[in-house]
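Inspection log for the structure reproduced underneath, given as C-alpha cells.
The values are calculated or read from the model by the stated rules, or taken from the named source; none is laboratory data. From a predicted model like this one, the values you see are computed outputs, not experimental measurements. Methodologically, a virtual Cβ is constructed for each residue, glycine included, from the backbone with ideal geometry; neighbour enumeration extends over all protein chains shown.
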C-alpha cells in the first residue's frame, strides 16, 4: 500500500463515525414515530439497533394490540359527490 492509499484509508476512517451516526439517526427516527403511534414507549426504537432483538421487536410491534383511537364513522363512510357541486358565490355579491 503506497502513501496515497494510506492517506485515503485514514480519511475514510476519520469520517466513518459520522456516517454510522447518520445511519443510526435515519433508522431510529421512523421507528420512534411508529412505536409512539402504536401506543408504546418510543424508547423501544433503540432496541432496533440490536441485531437479533430488532426482528423480535418487529414481530412484537406487528402482532400486538395498538392503543390508538379508531377513526369516527363519519370519516370512514365519506361519500364522494360526482360531478362536484359548484363553489358558493363570493360573499357580498348578489345573485
Taking the options 55, 44, name whichever one is in contact with a helix residue (DSSP H, G or I) (Cβ under 7 Å, 6 or more places away or on another chain), at pLDDT 90 or above, in a helix (DSSP H, G or I) and surrounded by 10 or more Cβ atoms within 10 Å (Cβ to Cβ). 44
Determine whether residue 85 is exposed (fewer than 10 other Cβ atoms within 10 Å of the Cβ), modelled with pLDDT under 85, more than 21 Å from the chain's Cα centre (by Cα) and part of a loop (DSSP other than H, G, I, E, B). yes
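Look through 11, 62, 71 and report the one residue that is exposed (fewer than 10 other Cβ atoms within 10 Å of the Cβ), at negative phi and modelled with pLDDT of 85 or more.
Unique residue meeting the criteria: 62.
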